[in-house]
Amino acid sequence: MRLGFAVKVMGQPGLRSNDTRRWQADPHLRVSLGHLCEIFSYLRRHNIHMYRMSSDMAPYATHPDMPRFHRMVQESAADLAHVGRLARESDIRLSFHPSQFIVLNSEKEELTRKSMWDLDSQAEMLDRMECGPEARLVIHVGGAYGDRASGCDRWCATWKRLGEPVRRRLVLENDDIRYSAADVLRIHEETGVPLVFDYQHHWCFNPEGLPLLGTLERFLKTWPEGVRPKLHYSCARTELREIKRKNRKTKKIETVLQPPIWTGHADYNNPFETIAFLRSIAHLEVDVMLEAKAKDLALLRLRNDIARYAPELAPRFNISVADAGEDAPELVAEDGEENVEA
C-alpha cells in the first residue's frame with residue numbers, strides 16, 4: 001500500500017509544483033513538467049510512490065479569452081510521454097484534484113461547460129503520460145444551491161455529457177459541508193462513477209449516520225476490478241486560530257483568537273488516531289492520500305510513527321528500517337533560513 005501527499009513539497013526548498021508565471025510571461029506546461037521531474041527525484045530519494053500533481057500544471061490552457069494557450073497540452077506531447085515514463089519507472093501513482101471551481105452540477109450552463117473543458121484537458125494529460133487506470137481526476141459534487149437532491153440529479157445529467165477519457169479517469173469524493181457519503185453513493189448507483197472516501201469529511205458531514213468502516217468498504221467496491229482504490233486521510237486541526245480583522249470601534253486591524261473549526265486540516269496527522277484507523281482497515285487493499293498541511297513532512301513523520309508505535313503495520317506500507325530511522329527534512333524558508341515555526 002502507498003502513502004502519498006498533495007502538490008507542494010516542503011522538505012526541499014525551491015521545488016516548484018508548476019509554472020506560476022502570469023500570462024504576460026508566456027508560462028507553459030513544459031516548464032511545469034520540468035518542475036515535476038525534479039519532484040520525482042525527491043520522491044525517489046524518500047521512497048514515496050504516490051503524488052497529487054498541481055491542477056495548474058497547464059497554465060491558462062482552458063482560459064476562454066487566451067486562445068494562444070489552448071494547444072499547450074498537444075504541444076507538450078513528447079514531454080508528457082517522457083514524464084509519464086519516469087513515473088512508471090519509479091512506480092509513482094499520480095492524480096489530479098481539479099480546483100473548487102470545477103463544478104459539474106452548476107445551475108449555470110457556462111460554468112458546467114468550462115468545468116467539462118478543464119476535465120478534458122487534465123484527462124488528456126494523464127492519457128498522454130500513458131498513466132495506468134489508477135491515475136485519476138478527483139472532484140466533489142459541487143454546489144448544493146439549497147437542494148442537495150437536485151444537485152445530485154444535475155451531476156448525473158452532466159456525467160452523460162462527459163467524454164470517454166474523463167469518465168474513465170473521474171472519481172467522486174464526499175465533502176465536509178454539502179454532499180455526504182450517502183449522496184455520492186446515490187450518484188454512483190446512477191452513473192457507476194467510482195468513489196473516493198474522505199475520512200475527515202465523513203466525520204464532519206454525515207447527516208445520515210452511516211458507519212465509517214462499512215461506508216469505506218462500500219466506496220472501495222465501486223472501483224473497477226484490478227484497480228487499487230484510494231482514500232483521503234487527514235486529522236482535524238485543534239489549535240486556536242489567529243484571525244486578523246478590523247476593530248469596528250477603533251478601525252484598526254487586530255489579531256483575535258478563535259476556536260478551531262473541525263473542517264480544518266492539521267499540519268501533522270495525530271499518530272494515535274491515524275494508527276487506530278490504519279489498524280481498522282488492515283484487511284483492505286487501498287492507497288492512502290494524506291492531506292495534512294505539512295505535506296511530505298507529515299508523510300515522513302507518519303512513517304516514523306508507524307515504525308515506532310505500530311511496527312506490525314510497517315511491512316504493509318513498505319516502511320523499512322532505513323525509512324523509519326531517517327529524520328524528516330528540516331522545514332526551511334525560501335531564503336535558506338530555518339523556520340522557527342511551521
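Of the conditions (1) surrounded by 19 or more Cβ atoms within 10 Å (Cβ to Cβ); (2) within 19 Å of the chain's Cα centre (by Cα), Val227 satisfies every one except a single condition; which number is it?
(1)
Filter the range 103-130 for residues that are assigned to a loop (DSSP other than H, G, I, E, B), closer than 20 Å to Glu164 by Cβ and among the acidic types (Asp, Glu) and give the result. Lay out the reasoning, then the answer.
Step one: of the range 103-130, the residues assigned to a loop (DSSP other than H, G, I, E, B) are 103-108, 129-130.
Those left that are additionally closer than 20 Å to Glu164 by Cβ: 104, 129-130.
Scanning the range 103-130 gives a single hit, Glu130.
Among the strands (runs of 3 or more DSSP E) lying completely within the range 228-302, list those that include at least 3 residues that are modelled with pLDDT of 95 or more.
Once the strands (runs of 3 or more DSSP E) in the range 228-302 are filtered for at least 3 residues that are modelled with pLDDT of 95 or more, what remains is 230-233, 287-290.
For residues in the range 64-101 being touching a residue at least 40 places away in the same chain (Cβ under 8 Å) and under 19 Å from Tyr179 (Cα atoms), which is farthest from the chain's Cα centre (by Cα)?
Here the residue is Gln100.
Does Tyr42 satisfy the condition of being part of a loop (DSSP other than H, G, I, E, B) and among the aromatic types (Phe, Trp, Tyr)?
It is false that Tyr42 is part of a loop (DSSP other than H, G, I, E, B) and among the aromatic types (Phe, Trp, Tyr).
Looking only at the range 227-243, which residues are touching a residue at least 60 places away in the same chain (Cβ under 8 Å) and basic (Lys, Arg)?
Residues satisfying the conditions are Arg228, Lys230.
Mind telling me which of the residues Gln100, Gln24 ends up being over 18 Å from Leu126 (Cα atoms) and either in a helix (DSSP H, G or I) or among the hydrophobic types (A, V, I, L, M, F, W, C) (or both)?
So the residue among Gln100, Gln24 that is over 18 Å from Leu126 (Cα atoms) and either in a helix (DSSP H, G or I) or among the hydrophobic types (A, V, I, L, M, F, W, C) (or both) is Gln24.
Considering the range 236-271 alone, what residues qualify as being surrounded by 12 or more Cβ atoms within 10 Å (Cβ to Cβ) and either over 19 Å from Leu300 (Cα atoms) or among the hydrophobic types (A, V, I, L, M, F, W, C) (or both)?
Hits for the range 236-271 are Ala236, Arg241, Pro260, Trp262, Thr263, Gly264, Ala266.
State whether one or more residues within the range 133-155 are closer than 22 Å to Pro229 by Cα and surrounded by fewer than 16 Cβ atoms within 10 Å (Cβ to Cβ).
yes
Mind listing whichever residues of the range 188-227 are more than 19 Å from Ala276 (Cα to Cα) and in contact with a strand residue (DSSP E or B) (Cβ under 6 Å, 6 or more places away or on another chain)?
Scanning the range 188-227 gives His188, Val193, Pro194, Leu195, Val196, Phe219, Thr222.
Would you check if Gly163 is surrounded by fewer than 18 Cβ atoms within 10 Å (Cβ to Cβ) and among the small types (Gly, Ala, Ser)?
yes
When residues of the range 172-214 are filtered for being over 17 Å from the mean Cα position of the chain (by Cα), surrounded by 15 or more Cβ atoms within 10 Å (Cβ to Cβ), part of a loop (DSSP other than H, G, I, E, B) and of a type outside the set (Gly, Ala, Ser), how many remain?
The qualifying residues number 6.
Given the condition within 30 Å of Pro224 (Cβ to Cβ) and without any contact (Cβ under 8 Å) to a residue 60 or more places away in the chain, answer yes or no: does some residue in the range 244-267 qualify?
The answer is no, given that none of the residues of the range 244-267 is within 30 Å of Pro224 (Cβ to Cβ) and without any contact (Cβ under 8 Å) to a residue 60 or more places away in the chain.
Is there a residue in the range 135-152 that is in contact with a His (Cβ under 6 Å, 6 or more places away or on another chain), part of a loop (DSSP other than H, G, I, E, B) and closer than 30 Å to Asn47 by Cα?
No, because not a single residue in the range 135-152 is in contact with a His (Cβ under 6 Å, 6 or more places away or on another chain), part of a loop (DSSP other than H, G, I, E, B) and closer than 30 Å to Asn47 by Cα.
Against the condition exposed (fewer than 14 other Cβ atoms within 10 Å of the Cβ) and of a type outside the set (Phe, Trp, Tyr), how does Glu217 come out, does it pass?
Spelling it out, it is not the case that Glu217 is exposed (fewer than 14 other Cβ atoms within 10 Å of the Cβ) and of a type outside the set (Phe, Trp, Tyr).
Listed residues Ala294, Ala314; which is touching a Ser or Thr at 6+ places or on another chain (Cβ under 9 Å), of a type in the set (A, V, I, L, M, F, W, C) and buried (at least 17 other Cβ atoms within 10 Å of the Cβ)?
Among Ala294, Ala314, only Ala314 is touching a Ser or Thr at 6+ places or on another chain (Cβ under 9 Å), of a type in the set (A, V, I, L, M, F, W, C) and buried (at least 17 other Cβ atoms within 10 Å of the Cβ).
Report, by residue number, each residue of the range 63-76 that is surrounded by 12 or more Cβ atoms within 10 Å (Cβ to Cβ) and not polar (S, T, N, Q).
Across the range 63-76, the qualifying residues are His63, Met66, Phe69, His70, Met72, Val73, Glu75.
Just to be sure, is Arg2 modelled with pLDDT of 95 or more, surrounded by fewer than 19 Cβ atoms within 10 Å (Cβ to Cβ) and among the basic types (Lys, Arg)?
no
How about the range 197-242: which of its residues are within 17 Å of Leu172 (Cβ to Cβ) and in contact with a His (Cβ under 6 Å, 6 or more places away or on another chain)?
Once the filter is applied, which keeps residues that are within 17 Å of Leu172 (Cβ to Cβ) and in contact with a His (Cβ under 6 Å, 6 or more places away or on another chain), the range 197-242 yields Asp198, Thr222.
The values are calculated or read from the model by the stated rules, or taken from the named source; none is laboratory data. Being a predicted model, the structure only gives us computed values, none of them experimental. Heads up, the Cβs are rebuilt from the backbone with ideal geometry, glycines too, and the neighbour counts pull from every protein chain shown.
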